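One structure below.
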Amino acid sequence: MSTASLAADLVRMFRAEGRIVIVGASLAGLRAAEALRDKGFCGPLTLIGDETHEPYDRPPLSKQVLKGWVRADHTKLPRMRDIDAQWRLGVAATGLDRVNKQVLLATGDAVPYDRLLIATGVRARPWFNPAEAALQGVFTVRTCDDAARLQAALRAGPKRVLVVGSGFVGSEMASVCCELGLPVTVAERGGGPLVGPLGGVIGDIAARMQRDAGVDLRTGVSVEALDGDAGGHVRRARLSDGTTLDVDVVVASLGSIRNVEWLAGAGLAAGFWGVGCDAGCRAFDINGVVTDNVFVAGDVARQPHVLYEYQFISMEHWDNAVCGAQVAANNMINLETERRPHLPLPSFWSGQFGVNIKGVGVCSFGDEIVFTQGSPEDYRFAAAYGHRGRIVGAVTFNHGKWLPYYAAMIERSAPFPPPPPGYDRASDPAPMPARFPDPRVPTEMPDVVLTGHDPTSRGAEFHWAREPA
Amino acid sequence: MRIVVDLNRCQGYAQCVPLAPDVLEMLGEEALAYDPNPDDAQRQRVLRAAAACPVQAIMVETHTPDGPEPEE
Ligand SMILES: Cc1cc2nc3c(=O)[nH]c(=O)nc-3n(C[C@H](O)[C@H](O)[C@H](O)COP(=O)(O)OP(=O)(O)OC[C@H]3O[C@@H](n4cnc5c(N)ncnc54)[C@H](O)[C@@H]3O)c2cc1C
Ligand code: SF4
């Protein structure tokens, strides 16, 4: 028998009886399971998730759900096919034994696998002081239970809501408060809203948008402490500028923490920034050697991207979870020549203050920005980001139909500033510094992070390991 | 029934909105808002709206899950 037909037989056998385990039963986990079945995987499939809910969609949580339009438990993801899986919900994976190829569960069970997909995502970064975090009225929003609790608190008509942190999710929540007619203060340690993902030039526009809508926006200040009343309910926030605020709902929107603790000791390249993997979603081991049976997708993954100088990128975007899951599924059940890379052009959307914000590329990779269309004054424009003379990202405010025009240029690494489009030219087409925060200064975590080395992060000391004598 | 709209793909053409106005609506000039869990009675309307979307951004469930059952 030739090697080729032997390999083909092995693939057939794996597809018929191989065991696949997916840890993380949310967007990436479910879409990977569906893709595996679509592509002809017939073996036993197990989905493990620590939430008791079946997979649901998170973006509506900070939008439709908080507004009270949609119930928190009404965002379950549509099933696009039968996946015939064994579900283990409400059970956390607590360890990974790669030698014996099994996932260890909190119940004490061990689930054997031939191939594993890690899709454990991220969780909300909690309020830093545990005693204050435990006060009634203090929230984070990541899960549908979180959203249900916060919605109930908003419905009760608090006198003032404090949102700490003004990334996309924090800004969306401030917008919902305005729509509900609730007085809201946003405290942001950095220079303005959305500065982490989009830079200071756009941050200034977002700040104006918030203030126009009636948000009491405080930038350059941090919230240092929360005080509760005798009943254990939050009543007051103390800010770094010496002021205090009377508040009865506080939402900490401080970015996220990657769910990698359960991988401790597994010998994978897992850490603060997520689980490192190649562009084909195969996890790296702790030495940077690619594994062949452990795959990663969604918010917890970080992988190199050809468009961004092969820096490792973690993307907390819906689109990345869906596409990454499909590529991982494909690569789990195919031989090398059939494998595909996951090299998406990152894209995201956000809705706030009546403005539809969309973006493509990695804006924070750029250092310059140019307004190409429309006018920032009307919150209706397109802007492109540049790095060393090429276009690397674009953002639109109420101008989403033009995004594909910029996406195509980013994919080609077209010159920056881009040629002016023939429609609705901006009045001031001169590039300017985009004003991203120095990565060494702590601010809000952007939801796309470049985690490779750059000149500001050369802190590592590398010791070359020799063969033991 | 369950739906999800890929809002990256959605261009806000609003072709879909008049076909299922109880489920889909425009927020401002170009953002689509939707009910991810519309009443089953809306099914035909939602399917028509999904078919009318020029970029196929509306995903309607094609399969009703019989599971999963949480362990606890
Ligand atoms: C409020 C909110 C609004 C958002 N809005 C937008 C938006 O407008 N646009 C956009 O592009 N993106 C948005 N996102 C981001 C988007 O929801 C995520 O990118 C997406 O959910 C990632 O999917 P995932 O499956 O990788 O991870 P997750 O959805 O985080 O799922 C991971 C799952 O694994 C589980 N898990 C973790 N550890 C374990 C363990 N040890 N054992 C078992 N299970 C475990 C978790 O509980 C979770 O259920 C938003 C997110 C939030 C929270
Ligand atoms: S028709 Fe499609 S693109 Fe247009 S608003 Fe509806 S979902 Fe979006």
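Distance from the Cα centre of the range B:31-50 to that of the range A:24-73, in angstrom?
Each part reduced to its Cα centre gives a spacing of 19 Å.
Using the eigenvalues of the Cα gyration tensor, what equivalent ellipsoid semi-axes result for chain A when each is taken as the square root of five times the eigenvalue, whole Å, largest first? If you can, show how the numbers build up before the last one.
Working: eigenvalues 283, 164, 92 Å².
Each semi-axis is the square root of five times an eigenvalue, giving 38, 29, 21 Å.
Calculate, for chain A, the solvent-accessible area per residue in square angstrom, rolling a 1.4 angstrom probe over the heavy atoms of the protein chains. Walk me through the intermediate numbers first.
On the way: 19340 Å² over 469 residues.
In whole numbers, chain A has 41 Å² accessible per residue.
Quick one: accessible surface of A:Lys76, probe radius 1.4 Å, all protein chains present, in square angstrom to the nearest 10.
Estimated to the nearest 10 Å², A:Lys76 gives 40 Å².
In what sequence, largest accessible area first, do A:Tyr310, B:Tyr34, A:Tyr405, A:Tyr423 appear using a 1.4 Å probe?
Accessible-area ranking of A:Tyr310, B:Tyr34, A:Tyr405, A:Tyr423, largest first: A:Tyr310, A:Tyr423, A:Tyr405, B:Tyr34.
For the range A:242-291, what is one quarter of the convex hull surface built on the Cα atoms, given in nm²?
Details: hull surface 25.7 nm².
Taking the Cα atoms of the range A:242-291, their convex hull projects to 6.4 nm² on average.
Can you tell me the FRET efficiency between B:Leu27 and A:Ala106 if r is taken as the Cβ-Cβ distance and R0 is 56 Å, rounded to the nearest 0.05? It would help to have the intermediate numbers written out before the result.
Details: r = 41 Å, r/R0 = 0.73.
Calculated value: 0.85.
For the full complex of protein chains and a 1.4 angstrom probe, list A:Cys323, B:Cys53, A:Cys42 by accessible area with the highest value first. Numbers along the way, then the final one.
Values: A:Cys323 40, B:Cys53 15, A:Cys42 100 Å².
So, going from the largest accessible area down, we get A:Cys42, A:Cys323, B:Cys53.
By DSSP, what percent of the beta bridges with both residues in the range A:136-255 are antiparallel, rounded to the nearest 5? If you can, show how the numbers build up before the last one.
Details: 8 of 23 bridges.
Counting DSSP beta bridges with both partners in the range A:136-255, the antiparallel share is about 35 percent.
May I ask for the angle, rounded to the nearest 10°, between helix B:43-52 and the longest principal axis of chain B, with both axes built from Cα atoms and the value confined to 0 to 90°?
Approximately 50 degrees, to the nearest ten.
Given the DSSP H assignment, sum -39500 (n - 2.57) over each helix run of at least 4 residues in chain A and divide by its residue total; what's the result at 222 nm in deg cm²/dmol, nearest 500?
Values: 9 runs with 101 residues, N = 469.
Helix contribution divided over all residues of chain A: -6500 deg cm²/dmol.
Mind jotting down the three principal axis lengths of the range A:136-255 based on Cα atoms? Whole angstrom, largest first.
43, 32, 24
Go ahead and run the numbers for FRET between A:Glu179 and A:Ala16, Cβ-Cβ distance against an R0 of 41 Å, rounding to 0.05.
Numbers: r = 53 Å, r/R0 = 1.29.
Efficiency, from the Cβ-Cβ distance: 0.20.
I'd like the mean, over residues of A:59-65, of how many other protein chain beta carbons sit within 10 Å of each residue's own Cβ.
Working: counts 4, 7, 0, 0, 3, 5, 1.
Mean inter-chain Cβ contacts per residue within 10 Å come to 3.
Nearest 10 degrees is fine. How inclined is helix A:318-332 to the longest principal axis of chain A, computing both from alpha carbons?
10 degrees
Kirkwood hydrodynamic radius for chain B: how many Å is it when counted over pairs of different Cα atoms? Walk me through the intermediate numbers first.
Details: mean 1/r = 0.0783 Å⁻¹.
Evaluated over chain B, this radius sits at 12.8 Å.
Which parts of the range A:35-58 would a label at A:Asp114 reach, counting a residue when its backbone N lies under 12 Å from a point 7 Å out along Cα-to-Cβ?
A:41-45
Sort A:Ser171, A:Ser413 by accessible area with a 1.4 Å probe, largest first.
A:Ser413, A:Ser171
May I ask you to derive the FRET efficiency for A:Ser2 and A:Cys42 from their Cβ-Cβ distance with R0 = 30 Å, giving the value to the nearest 0.05?
On the way: r = 25 Å, r/R0 = 0.83.
Efficiency, rounded to the nearest 0.05: 0.75.
Quickly work out the A:Asp227-to-A:Arg211 label distance, labels modelled 7 Å from Cα along the C-beta direction, and quote it in nm with one decimal.
2.9 nm
Report B:His63's accessible area, 1.4 Å probe, all protein chains in place, as a number in Å² to the nearest 10.
Taking all protein chains as shown, B:His63 has close to 40 Å².
To the nearest 10 square angstrom, what accessible area does A:Phe14 show with a 1.4 Å probe?
The accessible area comes out at roughly 40 Å².
What translational diffusion coefficient, to the nearest whole µm²/s, does the range A:29-164 have by Stokes-Einstein, given a Kirkwood radius computed over alpha-carbon pairs, a temperature of 25 °C and 0.890 mPa s viscosity?
Details: Rh = 17.4 Å.
So the translational diffusion coefficient is about 141 µm²/s.
Report, in degrees rounded to the nearest 10, the 0 to 90 angle that the Cα long axis of helix A:27-38 makes with the longest principal axis of chain A.
Helix A:27-38 sits roughly 40 degrees off the main axis of chain A.
Are there any residues in the range B:46-63 with a reduction of at least 50 Å² in accessible surface when going from the isolated chain to the assembly of protein chains? Probe 1.4 Å, please list them by number.
B:His63
Hey, which of these cross-link pairs are over 29 Å Cα-Cα: A:Lys63/A:Lys401; A:Lys76/A:Lys159; A:Lys39/A:Lys358; A:Lys39/A:Lys63?
Details: A:Lys63/A:Lys401 22 Å; A:Lys76/A:Lys159 32 Å; A:Lys39/A:Lys358 32 Å; A:Lys39/A:Lys63 34 Å.
Result: A:Lys76/A:Lys159; A:Lys39/A:Lys358; A:Lys39/A:Lys63 exceed 29 Å.
Antiparallel DSSP bridges in chain A: what percent, to the nearest 5? Write out the running numbers ahead of the final one.
On the way: 59 of 91 bridges.
Just about 65 percent of them are antiparallel.
The values are calculated or read from the model by the stated rules, or taken from the named source; none is laboratory data. The structure displayed is predicted, hence computed values, not measured ones. Cβ atoms come from the backbone with ideal geometry, glycine included; neighbour counts cover every protein chain shown. Accessible surface areas use protein heavy atoms only, side chains included; no ligands, DNA or RNA. Shrake-Rupley method; radii C 1.70, N 1.55, O 1.52, S 1.80 Å.
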